[in-house]
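Taken together, the values in this text are just the output of simple stated rules run on the coordinates, not laboratory data. Predicted model, so just to flag it, every value in this text is computed and none were measured. Every residue, glycine among them, receives a Cβ derived from its backbone with ideal geometry; neighbour counts consider all protein chains shown.
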Amino acid sequence: MSEGFLTIREVSKRFAPQLGLGDRIAARLGGAVEARAVQAVSEVSLTIRRGEALGLVGESGCGKSTLGRVVAGILPPSGGEVRLEQEPVMANGRKTTTRIQTVFQDPFASLDPRMRIGETITEGPLAHGLVKAAEAGSFARRWLETVGLDPDFVTRYPHQFSGGQRQRVAIARALAMAPDVLVCDEPVASLDVSIQAQIVNLFLRLRRELELTMLFISHDLGVVRHLCERVAVMYLGRIVELGPTGEVYAAPKHPYTRALIEAVPKLSGGGAAFRPIAGEIPSPLDPPTACAFHPRCPLAIARCRIERPALREVEPGRRAACHRAEEVSPAA
Amino acid sequence: MNAEALRAFWDEFSESRISVAALAVVLAIVAAAVCAPLITPQDPYDLGNLSLSDARRPPGFVGSKGYAHVLGTDAQGRDLYSAILYGLRISLQMGLVAGAIALSIGGTLGIVAAYFGGRIETLIMRIVDLQLSFPAILLALVLAALLGQGKTQLVSALVAAQYAYFARTAFGAASAERRKDYVEAAAATPLSGSRIVFRHLLPNSLPPLIVVATVQVANAISLEATLSFLGLGLPPTEPSLGMLIANGFQYMMSGRYWISVYPGIALIILIVAINLVGDQIRDQLNPRLRR
C-alpha cells in the first residue's frame with residue numbers, strides 16, 4: 001500500500017465530556033470526579049488509492065461516522081492524522097483543504113432551509129474563488145443538470161424537494177467544490193429503497209465521470225457491494241477486516257464480518273432466515289478488554305480475552321484482526 | 001422567507017380577528033404619528049404657537065387661535081391631541097430605534113456565543129445572565145441618570161437595558177441550529193466562521209428574534225415613558241407620552257384629568273396592540289402550539 005493517495009494514519013477520536021465548574025473545583029479538591037470518555041475511533045490506519053471506492057461498514061455506534069468526519073476534516077482527531085497526497089487535511093483544528101468534500105446522511109438537515117439551492121451550490125465555490133460571480137448562475141444550473149435535476153430549480157428552496165432530490169442537491173454542492181475525495185456518510189440510509197437505487201447509480205456514474213476517490217460509509221452491505229472495490233469492517237472503533245468487497249463477502253476472515261453478512265435478510269431459501277448477532281453491541285464507554293468482539297463471538301477462546309489481535313495480513317490483500325481468522329467458515 | 005410562505009403566514013394570522021384588529025390599530029397609530037404635522041392643528045414643540053391663556057382648558061375648548069382643543073390643553077397651553085400624536089412619534093421612534101439596535105447587538109452576541117462556544121460563550125452569556133437577573137428599569141434609570149437627557153442618551157440606555165433579552169433568545173435559537181447538519185456541511189466545505197454566522201445561523205435564528213423584537217419594541221416604549229415620567233427622559237420642550245402623563249399628574253386631583261389620562265390611554269392602546277400582534281406571531285412561529 002505504498003501508493004497511498006488518502007492516508008489515514010493511526011487516527012483516534014475520543015469524546016470526553018467537558019467538566020463543569022463545580023466538577024472541576026471538586027476534582028481540584030481531591031473529589032472523585034469521573035469524566036466518562038468515549039473512545040469512538042481507536043488507532044485506525046487505512047490507505048485509499050486514487051480512484052478507489054472504499055466501503056466502511058459496521059453497526060450503529062461503531063465509530064464509522066466519526067471516522068468519516070475525521071477524514072472529511074469536520075472533527076479534529078485526538079491522535080494520528082489524515083493526509084491527502086502528503087498534505088494534512090486539518091491544521092490547528094481547522095480544515096485546510098477543499099479537495100475532500102462530504103455528502104451527509106439526512107438531506108432534510110444538511111441543506112440550509114433558508115437558502116435557495118442555487119446559492120447553496122455556488123456558495124463554497126464562490127468563497128474559494130473556484131467560479132466567478134458572473135458565472136455562478138450557469139455554474140449552478142450545470143451542476144443541477146449533472147446530478148439529474150432540472151436546471152430551473154436554482155431559485156427553489158430545499159423544502160420544495162423530495163428526499164431524493166435534496167440528496168442530489170447535496171451531492172451537487174459537494175461536487176461543485178471539485179473535490180478529489182468524496183466522503184459519503186450513509187448517503188442513502190434515509191431514503192426510500194427505490195430512491196436509494198437511483199442515488200447509488202448516480203454515485204456510480206459520477207465516480208466514473210469525475211474520477212472520484214470515495215470513502216463510502218454505510219450499514220447496508222448490499223449498497224457497498226454495488227459501489228466499492230474494497231470494504232473495511234469496523235467494530236467498536238477499530239477495523240476488524242479489510243479486503244476486496246467480493247472476497248470479503250464470499251469468505252469473511254473475521255467472525256464479526258461473517259455474522260454481519262448472515263444478518264442480512266435474504267429473499268431466497270424460503271422462510272425467515274434472519275439470524276441476529278448474539279448479544280448487544282457493548283457500550284463504547286466500557287469496551288470489553290482485548291478483542292472487543294469476544295463476548296459475542298462463537299469462536300472466542302481464552303486468548304481473545306487476554307490479547308488484542310492485530311490487523312494482520314491473512315491472505316494477499318486480505319487483512320483481519322482475529323486470532324482464529326483462518327478458521328472462520330464462509331458465510332452461509 | 002419567500003412570498004409563498006409569507007402568504008401562508010398571513011392566512012393563518014388573519015384567522016385571529018383580535019390579532020388583525022390589533023395590527024390595524026398599530027398601523028393606524030404609526031400612520032397617525034408619521035403624518036402628525038399634517039393632521040394636527042398645532043406644532044406643540046414650537047413655543048411661539050403656545051399661549052398660556054389657553055392652558056389647562058378642558059376637552060372641546062375653543063382657544064385663542066380659533067380651533068377646538070378636542071382633548072383639552074396642558075399646563076403650557078399645548079393642544080393635547082397634537083401633543084399626543086407628536087409624543088407617539090417620539091415614543092415609536094425611540095422604541096423602534098432602540099429595538100433595532102438592541103436586536104442587532106444582542107442577536108449578534110447571542111449567535112456568536114452559540115457558534116464559538118467555550119470561553120466566548122461563557123463570557124458573553126454570563127454577562128447577559130447577570131444583567132437579566134436585575135430589572136431592566138433599574139439599569140435604564142442608572143444609565144439615563146448618568147448619561148443625561150437627549151435622544152441619543154435615551155436610546156443608549158434603552159439598548160443597554162434590552163440587548164440581553166435578544167442575546168438570550170438568539171443564543172437559544174442559534175445553539176439549536178448550530179447542531180444541525182447544514183452548519184456542519186458549511187464547516188466541512190470549509191466556509192469561514194463569519195460566513196457561517198451571518199449567512200446560515202443568523203437567517204435561521206431570526207423567527208424567534210422577530211417575536212422578541214415586537215414585544216421589546218413595546219417594552220422600550222413603556223420603558224421610555226417610565227423614564228420620561230420620572231424626569232430622566234427627553235427634555236421638557238419635546239414632551240414624549242411619559243412626560244405628558246407626568247406633567248398632568250399634579251392636576252389629577254384638581255379635576256383636570258385629561259392632561260394625564262388621554263396620553264395614558266394612547267400609550268396603553270399602543271402597547272397592548274403591539275403585544276397582541278407579537279403574541280400571535282409567537283404562537284404561529286412556535287411549532288409546538290400548531291394545531
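Between 0 and 90 degrees, the angle of helix A:117-127 with respect to the longest Cα principal axis of chain A falls at about 80 degrees. Based on DSSP H segments of at least four residues, each scored -39500 (n - 2.57), chain A has a per-residue ellipticity at 222 nm of -8500 deg cm²/dmol. The alpha carbons of region A:121-207 occupy a box of 39, 29, 18 Å along the principal axes, longest dimension given first. Please report, to two decimal places, log10 I(q)/I(0) for chain B at q = 0.10, 0.15 Å⁻¹ as given by the Debye formula with identical point scatterers on the Cα atoms and no solvent. For the requested q values the scattering log ratios are -0.63, -1.13. Isolated cysteines of chain A, defined as having no other cysteine beta carbon under 4.7 Å away, are A:62, A:184, A:228, A:297, A:322.
For region B:137-291, a Kirkwood radius taken over Cα pairs fed into Stokes-Einstein (20 °C, viscosity 1.002 mPa s) yields D = 118 µm²/s. Listed by number, the DSSP H helices of chain B that run 30 Å or longer by alpha-carbon position along their axis and have mean Kyte hydropathy of at least 1.0 are B:80-116, B:202-229, B:258-285.
Test of understanding: extend the Cα→C-beta vector of residue B:254 to 7 Å, then name every residue of region B:65-96 with backbone N under 17 Å from that spot. Backbone N within reach: B:72-78.
Pairwise Cα separations in chain A fall into 20 Å bins from 0 onward with the following percentages, short to long: 29, 54, 17, 0.
Once the C-beta distance of residue B:7 and residue B:67 is scaled by a Förster radius of 35 Å, the resulting FRET efficiency is 0.20 to the nearest 0.05. When the Cα gyration tensor is reduced to axis lengths a ≥ b ≥ c, the ratio a/c is 1.5 or higher for region B:87-224, and with a/b above b/c it is classed as prolate.
Placing a pseudo-label 7 Å from each Cα along the Cα-to-Cβ vector at residue A:278 and residue A:27 gives an inter-label distance of 4.0 nm. In vacuo Debye scattering of region B:222-263, one point per C-alpha: log10 I(q)/I(0) at q = 0.25, 0.26 Å⁻¹? Result of the Debye calculation: -0.75, -0.79. The alpha carbon radius of gyration of region A:127-278, expressed as a multiple of 2.2 N^0.38 Å, is 1.25.
Computed over region A:46-114, the alpha-carbon pair-distance distribution with 5 angstrom bins reads 3, 14, 23, 25, 19, 12, 4, 1, each value a whole percent. Please work out the FRET efficiency for the pair residue A:211 and residue B:93, using the Cβ-Cβ distance as r and a Förster radius of 51 Å; give the result to the nearest 0.05. Plugging the Cβ-Cβ distance into 1/(1 + (r/R0)^6) gives 0.25. Whole-percent P(r), region A:79-165, all Cα pairs, 5 Å bins from 0: 3, 12, 19, 21, 17, 12, 10, 5, 1, 0.
Taking 14 Å as the straight-line reach from the Cα of residue A:64, the aspartates and glutamates in range (excluding those fewer than 8 positions away in the same chain) are A:43, A:185, A:186, A:220, A:241. Given R0 = 60 Å, the distance between the Cβ atoms of residue B:210 and residue A:305 translates into a calculated FRET efficiency of 0.50. Against chain A, whose longest principal axis is taken from its Cα atoms, helix A:193-210 shows a tilt of about 70°. Sorted fewest first by neighbouring Cβ atoms within 10 angstrom, A:254, A:294 come out as A:294, A:254. By the beta-carbon count within 10 Å of each Cβ, the least crowded to most crowded order of A:60, B:175, B:205, fewest first, is A:60, B:175, B:205.
Residue order for A:123, A:209, fewest other beta carbons within 10 angstrom first, comes to A:209, A:123. Of the trypsin sites (Lys or Arg not before Pro) found in region B:104-194, those in coil by DSSP whose Cβ has at most 13 other Cβ atoms within 10 Å are B:179. If you take the Cα centroid of region A:135-151 and the Cα centroid of region B:213-281, the two points sit 56 Å apart. Quick one: compute the contact order of chain A, relative version, from alpha carbon pairs under 8 angstrom and 6+ residues apart, as a percent. For chain A, the relative contact order is 19 percent. Taken over the Cα atoms of the protein assembly as shown, the convex hull encloses 215 Å³ per residue. Cross-link reach is defined here as a Cα-Cα straight distance under 18 Å, omitting same-chain residues fewer than 8 places apart; for residue A:132 the aspartates and glutamates meeting it are A:119, A:123. Each helix, a run of at least 4 DSSP H residues, gives -39500 (n - 2.57); summed and divided by the residues of chain B, these come to -23000 deg cm²/dmol at 222 nm. Extents of region B:143-234, taken as max minus min of Cα coordinates on every principal axis and listed largest first, are 55, 22, 14 Å. Spatial offset of region A:314-331 relative to region A:206-230 amounts to 23 Å, using the alpha carbon center of each. In a solvent-free Debye calculation with one equal scatterer on each Cα, what is log10 I(q)/I(0) for region B:1-141 at q = 0.09 Å⁻¹, listed in the order of the q values? Rounded to two decimals, the profile gives -0.54. Our estimate of slack between residue A:133 and residue A:286, defined as 0.36 nm per intervening residue step minus the Cα-Cα distance, is 49.9 nm.
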